[in-house]
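Presented below is the structure to which this report refers.
The values are calculated or read from the model by the stated rules, or taken from the named source; none is laboratory data. These numbers come from a predicted model, not from an experiment. Reconstructed Cβ throughout: ideal geometry from the backbone, glycine too, with neighbour counts over all protein chains shown.
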Amino acid sequence: MNMLGQYQLRVDDFGPLTLGANPNAGSKEDLAQRSLALTTNEFVQQRIVPFLSVWGVNPHLDCSTAVLQNTGTGRLTLRYAFGPTVVIAKVFSDHLGPQSFETTVRLWNSGFNRESWYQVPEPITFFPDVNMLLMRQVPGIPLAAALDPDRGHELGGHCCKAAQWLAALHRSSLLFGKAETDVQSMKLFRLASRLVKAASLRREQLDMLRDLLDAINARILALPSRRALVQTHGRYHHDHVFVSKAATAVIDLDRCCPSDPAKDVAEFISVLRTASFMRGLDMGCVESATDAFLREYLAAVPEAAATLGCYWATAVFHGLLGGIKKCRAKSNRSWEEIQRFYLSEINRALEMQS
């Protein structure tokens, strides 16, 4: 039943998804209801257990289930534990399910598997009737664990491993899926929408927002018209990276596609630095970790430096506009502190050599 090895998949192979009357129902409440059906003993025994025989899992072994994530993003993550064997299910409320399975299989078969230092989850199967991707749990601990103030000393080493995994992907010969435009990779339509809302809410900051937009726009216009695209992860940040002594594994491949390599780099460092600031980490450790990540990555993919400042500034600008729109802080930091942080980050990114 395991399709690994000789796998040749097209999204059309799955046929239409049969998710009921509303295939896009992705609210927390809708997904919570779906989780009840997907964690019953009947579903586990009939649909999941048959795929685990290749690992020698006892079909009569009790299975413990848990909802790992249901944050209202249209994704539901479930955990099925059969003793030491753990499998993870990702349930979708849109049509990215088959694409995510195809991506995971392609990367696994291209060398990002258990024989490598750089891994993705081992794909097991995809259930089109419930839009669910089934995978084996990756090894290691999440890099996000190093954002604990007591473990900040681990951050630099973990970031080096994250940089090595990303460089391995960007330096691979893989190139599949529809390539993104700059408008898509920098989410410029969303940026424009956020800008309008933020400006209408905080008219006293209109001049500041206009100046930032002009500076970022100038960097966007200066982007090289022709530059190499690579296979990007699409949502590369610390929550998706798992590290261990034996391997670095990366999850959440739903948005993997050809794009500018700076997109992944900018997302990683902007999300890492913002999360660290919000949690009150020692920013000295974070600076060292940022430098370690960039030094490791750019040594392997030096051409990404040409567009990194633009992508980094744009990513942080998204965060600033989102914060202004909400007009409140989401951490122990005051909004004034957070805004100063965002402005400092944007200026730092814009000062990078274009």
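Within region 205-252, the residues that satisfy the criterion of being more than 20 Å from residue 267 (Cα to Cα), under 26 Å from the mean Cα position of the chain (by Cα) and small (Gly, Ala, Ser) are 244, 246, 247.
So for region 288-309 (the condition being among the hydroxyl-bearing types (Ser, Thr, Tyr) and over 30 Å from residue 178 (Cβ atoms)), does at least one residue qualify? Checking region 288-309: at least one residue is among the hydroxyl-bearing types (Ser, Thr, Tyr) and over 30 Å from residue 178 (Cβ atoms). Got a sec? Which strands (runs of 3 or more DSSP E) wholly within region 70-158 have at least 1 residues that are of a type in the set (Gly, Ala, Ser)? Per the criteria, 75-82, 85-92. The single condition from (1) part of a loop (DSSP other than H, G, I, E, B); (2) under 30 Å from residue 164 (Cα atoms) that residue 58 fails is (2).
Residues considered: 202, 171. Of these, the only one that is more than 21 Å from the chain's Cα centre (by Cα) and of a type outside the set (Ser, Thr, Tyr) is 202.
Residues that are over 16 Å from the mean Cα position of the chain (by Cα), of a type in the set (A, V, I, L, M, F, W, C) and over 10 Å from residue 133 (Cβ atoms) within region 69-101 comprise 78, 81, 82, 86, 87, listed in sequence order.
Among the residues of region 143-167, the ones that are under 10 Å from residue 242 (Cα atoms) and either aliphatic (A, V, I, L, M) or in the same structural domain as residue 110 (by TED's automatic domain parsing) (or both) come to 4 in all. Counting the residues of region 166-202 that are within 22 Å of residue 227 (Cβ to Cβ) and assigned to a helix (DSSP H, G or I) gives 12.
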